[in-house]
């Protein structure tokens, strides 16, 4: 699967895409979902949560383990993808459609990579 | 440095995701994924490399006396060709390991031990040898393949006619697709199945024969991930989780394999301990989330114990866990709370096993 060129990526394997200047949707990358395997539960954040760039946003459970998902930006959670509550496997099926949370009022961002730079990070880890 | 099993190249060729486990490099899953592998075993069939398991042999006039002294179960009355589970205990009643004993002859027993406990088991067994017996560790010479699932009967019948008909029985020196093996009707999944012990050098050919024979039956290779979700769903205990050196067999709910009316190492301590102070129970998670191991369990606000294993069970379609809790603190149907990383989620006390084949 190719990483969309209009998305941005962080080294901890989350993606974000700008909905507008001050609002992003966040999810996990194809590389991340492949590494975790079948997801069985997404412990979604709550609307109103304040996020800190580089700190845990929420966690997801695969059959084998639990993994933290890190917020790529500091801001406020203004929407969550409630469909993932009953269908965590959507992340495995379409990681770049299955957004986890929308974060607005952004005050800080992690180092953002474009698709090519992110793929280089993945290649190093493989 | 992790070792490779004789089937390592097969796993890589099949796209297995290799991880270190108990000193071996083994596939945690194949491209199908843990859920598909788990479902294959429940509905069709799955093939596992369990060559990491250790095998030792007691042989000689005092073989029976030795195993009866070092193991909690009683092997006095046992037919050749049968398999019997046991614990091996320390003097204090804590568990060294749990294992399977295969009676090969009146004076020869094959014992299968956990990979992670192999070294300490062998040391413990050697320390306690007595009389006229030889003890041999054949772990490196033997590969073990598990064929598990309702289609296992059909698949194995394509390769041999010598099939053990009873659960926990085996036949030695069976020709399976032309390869000599020990075939036993055993497994660690809760589904019908077989385990095949074969010379290490013959393992890749046996693996391929089984995959070929199962091609039309939906057989797929399965990894450690599915092995763990299957055993949890069937509520089978795992050393290091449901019991260890600090947990007695009775607390772990394994008293059926402890015969106090004979002499064995640990018996005095187990008798002195009296009624178990803790018990193993099943939890069906009601809230959103997955209970894993080492999470605190509360009943009516009071800490009563901790979870020992837990995961999402694909066939039952929910999260289940086992827990070690204060004896008689809850009954089936009671609702407890489990602390999952700071969040309390509800779970119901349910009977074990969670999954039992029809």
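Derivation of every value follows stated rules applied to the coordinates shown; laboratory data play no part. The structure displayed is predicted, hence computed values, not measured ones. We place every Cβ from the backbone using ideal geometry, glycine too, and count neighbours over all the protein chains shown.
With q set to 0.34 Å⁻¹, the log10 of I(q)/I(0) for the stretch A:40-79, from the Debye formula over equal scatterers at the Cα positions, is -1.10.
Placing a label point 7 Å from the Cα of residue B:138 along the Cα-to-Cβ direction, the residues of the stretch B:26-64 with a backbone N closer than 20 Å are B:49-64.
Computed on the Cα atoms alone, the convex hull of the stretch B:55-136 gives a volume of 80 cubic angstrom per residue.
For the stretch B:75-228, a Kirkwood hydrodynamic radius built from all Cα pairs, placed in the Stokes-Einstein relation at 37 °C and 0.692 mPa s, yields a translational diffusion coefficient of 196 µm²/s. Projection of the Cα convex hull of the stretch B:142-197, averaged over all directions and equal to a quarter of that hull's surface, yields 3.4 nm². How big is D for the stretch B:137-260, in µm² s⁻¹ as a whole number, if Stokes-Einstein is applied with the Kirkwood radius of its Cα pairs at 37 °C and 0.692 mPa s? Roughly 207 µm²/s, to the nearest whole number.
Mean residue ellipticity at 222 nm, helices only, chain A: -5000 deg cm²/dmol; runs of at least 4 DSSP H residues each add -39,500 (n - 2.57), and the sum is divided by the number of residues. With the simple model of a label 7 Å out from the Cα in the direction of the Cβ, residue A:79 to residue B:256 spans 5.4 nm. Per residue, the average separation of C-alpha pairs within less than 8 Å and at least 6 apart gives the stretch B:91-232 a relative contact order of 19 percent. The label point for residue A:97 and the one for residue A:126, both projected 7 Å from the Cα toward the Cβ, are 2.4 nm apart. By the gyration tensor of its Cα atoms, with a ≥ b ≥ c the square roots of the eigenvalues, what is the shape of the stretch B:203-358: rounded for a/c under 1.5, prolate for a/b over b/c, or oblate? Oblate shape, in that a/c is at least 1.5 and b/c is the bigger or equal ratio. Here residue B:122 and residue B:13 are evaluated by their C-beta separation; at R0 = 22 Å the FRET efficiency comes out at 0.10.
Relative contact order of chain B, taken over Cα pairs closer than 8 Å and 6 or more residues apart, is 18 percent. Note on chain B: Rg/Rh from Cα positions, Kirkwood definition for Rh, rounded to two decimals, is 0.97.
Treating r as the C-beta distance of residue A:20 and residue B:343 and R0 as 30 Å, the FRET efficiency rounds to 0.40.
The helix-only estimate of mean residue ellipticity at 222 nm for chain B, built from DSSP H runs of length n ≥ 4 each weighted as -39500 (n - 2.57), is -5000 deg cm²/dmol after division by the residue total. Classify the stretch A:9-125 from the C-alpha gyration tensor, please: rounded if a/c falls under 1.5, else prolate or oblate depending on whether a/b exceeds b/c. Oblate shape, in that a/c is at least 1.5 and b/c is the bigger or equal ratio. With q set to 0.05, 0.06, 0.10, 0.13 Å⁻¹, the log10 of I(q)/I(0) for the protein assembly as shown, from the Debye formula over equal scatterers at the Cα positions, is -0.22, -0.32, -0.83, -1.24.
Within 10 Å of each residue's Cβ, count the other Cβ atoms and sort B:186, B:43 from fewest upward.
B:43, B:186
Geometric descriptor of the stretch B:277-350, per residue, is 74 Å³ (volume of the convex hull of the Cα atoms). With the simple spin-label model, which puts each label point 7 Å out from Cα in the Cβ direction, the residue B:91 to residue B:78 separation comes to 2.5 nm.
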